[in-house]
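For reference, the structure discussed in these notes is given below.
The values are calculated or read from the model by the stated rules, or taken from the named source; none is laboratory data. Just so it is clear, the structure is predicted and the values come from calculations on it, not from any experiment. With ideal geometry, Cβ positions are generated from the backbone for all residues, glycine too; neighbour counts draw on all protein chains shown.
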Amino acid sequence: MSIAESNELGKNMEVISMLKDYVGTAVDETLLDPDDCWQPTDFLPDLTKEDALDQIKSLRERSAGIPDTVITSLVGNMITEEALPSYQTYFNLMVNEEKSLVSDNGWVRWSRAWTAEENRHGDLLNKYLYLSGRCDMKEVEQTIHRLIYNGFDPNTNQDPYSAIVYTSFQERATKISHVNTGKLADKAGDNNLSRICKQIAGDEARHEKAYKSFMSKIFEIDPNGALKSFEQMMRKQITMPAVLMDQGGSNPNLFIEFSAITQKIGVYTTWDYASIIDHLVSLWKIEHLTGLKDGASKAQEYLCTLGARYKRIAERMKVPDEINLSWLSGKKFAF
């Protein structure tokens, strides 16, 4: 890292430190006390009841009508959620100057409370899929294991601004993915899975709103630095959290194939990627920033036209005619 880059990161960390009280307020106003939160058991068969087996049977009957492609997409979403330990570690490395996980610092409190809420998502989807009997759970568990084993690198180069851009983008992306999965579950007749997906999407929406507000504050304090980080993050492209799920595994194309399925069935597409770019550019008023310096005007121009560029890519997107994923016992999907 050059001296200039080191100075830039130091300046960015100073701004992050300035926001700790604002972020602490977001913990109190946006996130929920554990006693007030929904829990996975609210949506699953109660195994303490005498009719527990009937409840499981009902769950399996409803899930039987869900297309294999939707189940596969749900598995991928769940695996992404289950890699939460890597995400919390990464986030703490970016914003936790105190290196303490029990600090009252707003950023540290946010990291703990956000992680606690997110942790329920993987738990719920994992248990649902296990009870449904619709997938090879051993293969799924191995993928989760490998993803956490491989770690997580969103390519933010130690820049806390880039980390907030990344989380703003990803929370919106996961919200969209869960909303669309819920719609497909509802269409297939599983209203309980639809409720599950909508509930998780609601959490993601709250988290998205908070992260976007953090970045809005950064733009108010340091528009040039914020614009530079936003541009750099988008030039590298937003790396999906589960991108390393196949590294070192028996199927080196697992993530690509999973992504192709979500693209084909409309759970998360290049159109969605483009729409998120446009949303963030509009929200952070990129087009209207003035007084820019150090090349920030070029970054502004690049970001304001980026969404349209991805929409043109979306028009030309194609997926393979056949995809084979081991999560469903090697089933092939022919489109």
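Key figures for this structure:
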| item | result |
| --- | --- |
| Test: residue in segment 31-49 that is under 24 Å from the mean Cα position of the chain (by Cα), surrounded by 13 or more Cβ atoms within 10 Å (Cβ to Cβ) and of a type in the set (Ser, Thr, Tyr) | yes |
| Matching residues in segment 20-59 - criterion: being of a type in the set (A, V, I, L, M, F, W, C), part of a helix (DSSP H, G or I) and either farther than 17 Å from Glu118 by Cβ or in contact with a strand residue (DSSP E or B) (Cβ under 6 Å, 6 or more places away or on another chain) (or both) | Ala52, Leu53, Ile56, Leu59 |
| Members of segment 219-278 that are part of a loop (DSSP other than H, G, I, E, B), over 30 Å from Gly291 (Cα atoms) and within 19 Å of the chain's Cα centre (by Cα) | Thr239, Met240, Pro241, Ala242, Val243, Leu244, Met245, Asp246, Gly266, Val267, Tyr268, Thr269 |
| Residue that is nearest to Lys175 (Cα to Cα), among those in segment 279-292 that are of a type in the set (Val, Ile, Thr) and assigned to a helix (DSSP H, G or I) | Val281 |
| Members of segment 162-213 that are among the polar types (S, T, N, Q) and under 17 Å from Thr239 (Cβ atoms) | Ser162, Thr167, Ser168, Gln170, Thr174, Ser177 |
| Tabulated pairs, segment 259-285, first of a type in the set (Lys, Arg), second modelled with pLDDT of 95 or more, C-beta under 8 angstrom, 6+ apart or interchain | Lys285/Phe219 |
| Lone unmet requirement of (1) assigned to a helix (DSSP H, G or I); (2) within 30 Å of Ile221 (Cβ to Cβ); (3) of a type outside the set (S, T, N, Q); (4) modelled with pLDDT under 95 for Pro85 | (2) |
| Filtered residues of segment 218-240 (kept if over 15 Å from Ile277 (Cβ atoms), among the charged types (D, E, K, R) and crowded, with 17+ Cβ neighbours inside 10 Å) | Asp222, Lys228 |
| Pairs, first touching a residue at least 24 places away in the same chain (Cβ under 8 Å) in segment 33-61, second assigned to a loop (DSSP other than H, G, I, E, B), C-beta under 8 Å, six or more apart | Ile56/Pro45; Leu59/Leu44; Leu59/Pro45; Arg60/Gly133 |
| Subset of segment 241-256 [out of contact with any helix residue (DSSP H, G or I) (no Cβ under 6 Å at 6 or more places or on another chain) and surrounded by 20 or more Cβ atoms within 10 Å (Cβ to Cβ)] | Leu254, Phe255 |
| One residue from Gly122, Gly202 being at pLDDT 95 or above and buried (at least 16 other Cβ atoms within 10 Å of the Cβ) | Gly122 |
| Contacts under 8 angstrom Cβ, first residue in segment 1-27 being closer than 16 Å to Ser229 by Cβ, partner exposed (fewer than 11 other Cβ atoms within 10 Å of the Cβ) and not charged (D, E, K, R), 6 or more apart | Leu9/Met1 |
| Segment 3-19 - residue that is part of a helix (DSSP H, G or I) and among the aliphatic types (A, V, I, L, M) and, of those, surrounded by the most Cβ atoms within 10 Å (Cβ to Cβ) | Ile16 |
| Any hit, segment 25-32, residues being under 30 Å from Asn96 (Cβ atoms) and in contact with an Asp or Glu (Cβ under 9 Å, 6 or more places away or on another chain) | yes |
| Positions within segment 252-281 being of a type in the set (Asp, Glu) and over 13 Å from Ala242 (Cα atoms), in sequence order | Asp272, Asp278 |
| First in segment 84-109 and farther than 18 Å from Ala26 by Cα, second anywhere and assigned to a helix (DSSP H, G or I) and of a type in the set (D, E, K, R), Cβ under 6 Å, 6 or more apart | Leu84/Glu118 |
| Given (1) at pLDDT below 95; (2) in a helix (DSSP H, G or I); (3) surrounded by 15 or more Cβ atoms within 10 Å (Cβ to Cβ), number of the condition Glu315 does not satisfy | (3) |
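Conditions (1) surrounded by 24 or more Cβ atoms within 10 Å (Cβ to Cβ); (2) β-branched (Val, Ile, Thr); (3) within 28 Å of Leu19 (Cα to Cα); (4) without any contact (Cβ under 8 Å) to a residue 24 or more places away in the chain, marked per residue:
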| site | (1), (2), (3), (4) |
| --- | --- |
| Thr143 | yes, yes, no, no |
| Ile148 | no, yes, no, no |
| Asn155 | no, no, yes, no |
| Lys175 | no, no, yes, no |
| Asn180 | no, no, no, no |
| Lys183 | no, no, no, yes |
| Asp190 | yes, no, no, no |
| Leu193 | yes, no, no, no |
| Ile196 | yes, yes, no, no |
